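Take a look at the structure below.
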Amino acid sequence: MLLRDIKLVDLNRSKIDKKKSDPEKGIYVFEPNGKVYVSWKDPATRPQHYVKWNRNTPYDVESWRTKWNYSEVTAKDPYWPEGVKPNQSGFYVYQTDMILMKCPLADYVAKRQREIEKSELAVASKRREYAEIIRQKGVAAAEVDIEKRIFGDSK
């Protein structure tokens with residue numbers, strides 16, 4: 001099993017057979033058609049956290065905690081990476097080098113918004129810089145021509 005093949009089960013919406021399941025050991029038995037996977041696309045069923053695998057080193061885990069408000073997903077959380085059992089600390093670790101972490105969705109969205117704005121500002125800055133270089137050389141170029149020179153004909 002590869003990391004990309006692991007699906008995240010939404011335990012809040014899934015129908016679990018509580019008698020046969022043992023969450024502390026990562027064993028879940030679901031009622032027929034009772035397993036529901038996490039989906040961030042549907043606002044009605046969107047979970048409260050953004051969940052992602054991170055490198056399982058003390059530096060990386062602490063960095064995510066302090067910079068972006070992430071915390072480790074435990075067996076008590078409403079998420080289960082299908083087929084992965086929690087370690088002795090109760091965290092979901094994949095092959096000792098990856099750990100499942102969660103961040104409040106509002107914090108993640110704000111972080112992504114800042115990253116997108118920064119990226120768009122960088123592109124706009126490069127466009128202005130390139131346009132100024134062209135004008136300094138005395139070449140009359142339309143904005144469309146500048147776009148083609150920067151991005152090629154694919155844009």
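The values are calculated or read from the model by the stated rules, or taken from the named source; none is laboratory data. In this text the structure is predicted, and so the values were computed from the model without any measurement. Because the Cβ atoms are built from the backbone with ideal geometry, glycine has one as well, and the counts that use them run over all protein chains shown.
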For this session: Report yes if Asp77 is part of a loop (DSSP other than H, G, I, E, B) and farther than 11 Å from Leu100 by Cβ, otherwise no.
Result: no
Exercise. Somewhere in region 80-95, is a residue under 25 Å from Lys15 (Cα atoms), within 15 Å of the chain's Cα centre (by Cα) and modelled with pLDDT of 90 or more?
Worked result: yes
Exercise. Counting only residues that are in contact with a strand residue (DSSP E or B) (Cβ under 6 Å, 6 or more places away or on another chain) and in a loop (DSSP other than H, G, I, E, B), which one in region 1-13 is surrounded by the fewest Cβ atoms within 10 Å (Cβ to Cβ)?
Worked result: Lys7
For this session: Inspect all residues belonging to region 62-71 and state whether any of them is more than 14 Å from Ile6 (Cα to Cα), among the β-branched types (Val, Ile, Thr), at pLDDT 90 or above and more than 15 Å from the chain's Cα centre (by Cα).
Result: yes
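Taking Ser119, is it outside the structural domain of Lys18 (by TED's automatic domain parsing) and modelled with pLDDT of 80 or more?
The answer is yes for Ser119.
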Exercise. So is Leu100 under 21 Å from Ser14 (Cβ atoms) and modelled with pLDDT of 95 or more or not?
Worked result: yes
Exercise. What about Ser89, is it exposed (fewer than 15 other Cβ atoms within 10 Å of the Cβ) and either touching a residue at least 40 places away in the same chain (Cβ under 8 Å) or in contact with a Pro (Cβ under 9 Å, 6 or more places away or on another chain) (or both)?
Worked result: no
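Is it the case that Lys18 is touching a Phe, Trp or Tyr at 6+ places or on another chain (Cβ under 7 Å) and surrounded by fewer than 17 Cβ atoms within 10 Å (Cβ to Cβ)?
no
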Exercise. Can you name the residue in region 54-74 that is buried (at least 19 other Cβ atoms within 10 Å of the Cβ) and not charged (D, E, K, R) and, of all such residues, is nearest to Leu100 (Cα to Cα)?
Worked result: Val73
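When only residues in region 118-138 that are among the small types (Gly, Ala, Ser) and assigned to a helix (DSSP H, G or I) count, which is surrounded by the most Cβ atoms within 10 Å (Cβ to Cβ)?
Ala131
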Exercise. Taking into account only those residues within region 28-56 that are of a type outside the set (Val, Ile, Thr), within 17 Å of the chain's Cα centre (by Cα) and outside any loop (DSSP other than H, G, I, E, B), which is farthest from Glu72 (Cα to Cα)?
Worked result: Tyr37
